[in-house]
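Quick notes on the structure that follows.
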Amino acid sequence: MALDNLRRRGSEWNLSRLRDAGVAFVHGDVRIAADLALSDRTFDLVIDAAAEPSVQAAFSHGPGYVVETNLIGTVNLIERARRDGAAIVFLSTSRVYPMRALNALAYEETQSRFVLCKEQSARGASAEGITEAFSLDGVRSLYGATKLAAELLLEEYAAMFGLRCVVNRCGIITGPWQMGKVDQGVFALWMGRHYFGRPLTYVGYGGTGKQVRDLLHVDELCDLVIGQLGALDTLPHRTYNVGGGIGSSLSLLEATRLCEEITGNRVTIGSAPETHPSDVRIYVTDNTRVTADTGWRPRKSARETLVDIFAWIRANEAVAASLWS
């Protein structure tokens, strides 16, 4: 069963896909405990992928929806899992790591990107990215704070009630059917704008497009979660950093070049030098722990993921055009 409030534009287009896959859909809201009552059902597993996923949402629209969805909504889901004796997989975020600490990491600037230096003074950081040992001390945005608070509650429920759970701190998840926007889903947005020939802007860090993120294909995240479900009781850790890693990382400038190559289109790209308070120069996931514990590692390159997004847009132009054309 899938439950969603369909607040995000485009999410309604998934309903026919769920139906075709034999997945029952319930129109509900995790913020409302009564919507999760569903007294005719008992669950063995809850996958909490419900969130206001934009870091900038609290800045632009106020904190209400972010706190209510990402914290209160997760509490409601945890309580439902506790009552049913269900396990829970929580999709958290790399944004639990403080912005100032990430931006203080030693880096170099190349022609196309910012690069983390091999030698770092901060624990849990290297040229390969960020591990779970990276400090959690500091400001991380309301979005990150709500997700970290939910993680801490899961830890307490596990200790007090024996709740079986696993937390995946995801970097950027992307792929087909992502309705990418400026503040969330940037790589889908980048491909969509190139496909339809619409303008883009490099925002922050001098407006050069050199800030870097790793991207993880949604199919690979699903592969990990399925593998974790079969090993919940034997996993050595409950919390994992999960992302594309250094091998599937891109700057916006590099993403532009790949989108041009894949689509054959060039678009106008503006420059806005001022950096938003929530932005981070570089974030790359170090998957060492999750690979050691599960054997999982990302396989798709950044280019392969962008090609998949391109193929989806081409096959669903009418849907995608309403977002990006």
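The values are calculated or read from the model by the stated rules, or taken from the named source; none is laboratory data. Quick caveat: nothing in here was measured; it's all calculated off a predicted structure. Glycine also receives a Cβ, built like all others from the backbone with ideal geometry; neighbour counts cover every protein chain displayed.
Data table
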| read-out | value |
| --- | --- |
| Filter pass, Thr234 being without any contact (Cβ under 8 Å) to a residue 12 or more places away in the chain and among the β-branched types (Val, Ile, Thr) | yes |
| Yes/no for Phe187 being of a type in the set (A, V, I, L, M, F, W, C) and surrounded by fewer than 21 Cβ atoms within 10 Å (Cβ to Cβ) | no |
| Single match in Thr239, Thr285, Thr256, Thr291 (criterion: over 22 Å from Ala125 (Cβ atoms) and of a type outside the set (Phe, Trp, Tyr)) | Thr256 |
| Residue match in segment 35-51 (condition: under 25 Å from Val212 (Cα atoms) and either under 15 Å from the mean Cα position of the chain (by Cα) or not in a helix (DSSP H, G or I) (or both)) | yes |
| Criterion: under 20 Å from the mean Cα position of the chain (by Cα), small (Gly, Ala, Ser), more than 22 Å from Tyr205 (Cβ to Cβ) and surrounded by 15 or more Cβ atoms within 10 Å (Cβ to Cβ) - qualifying residue of Ala145, Ala81, Ala87, Ala133 | Ala145 |
| Selection within segment 147-176 - in contact (Cβ under 8 Å) with a residue 60 or more places away in the chain, part of a helix (DSSP H, G or I) and in contact with a helix residue (DSSP H, G or I) (Cβ under 9 Å, 6 or more places away or on another chain) | Lys147, Ala149, Ala150, Glu151, Leu153, Leu154, Tyr157, Phe161 |
| Selection status of Arg266, in a helix (DSSP H, G or I) and either surrounded by fewer than 17 Cβ atoms within 10 Å (Cβ to Cβ) or among the basic types (Lys, Arg) (or both) | no |
| Test for Glu274: is it among the charged types (D, E, K, R), over 20 Å from Leu91 (Cβ atoms), modelled with pLDDT of 95 or more and part of a helix (DSSP H, G or I) | no |
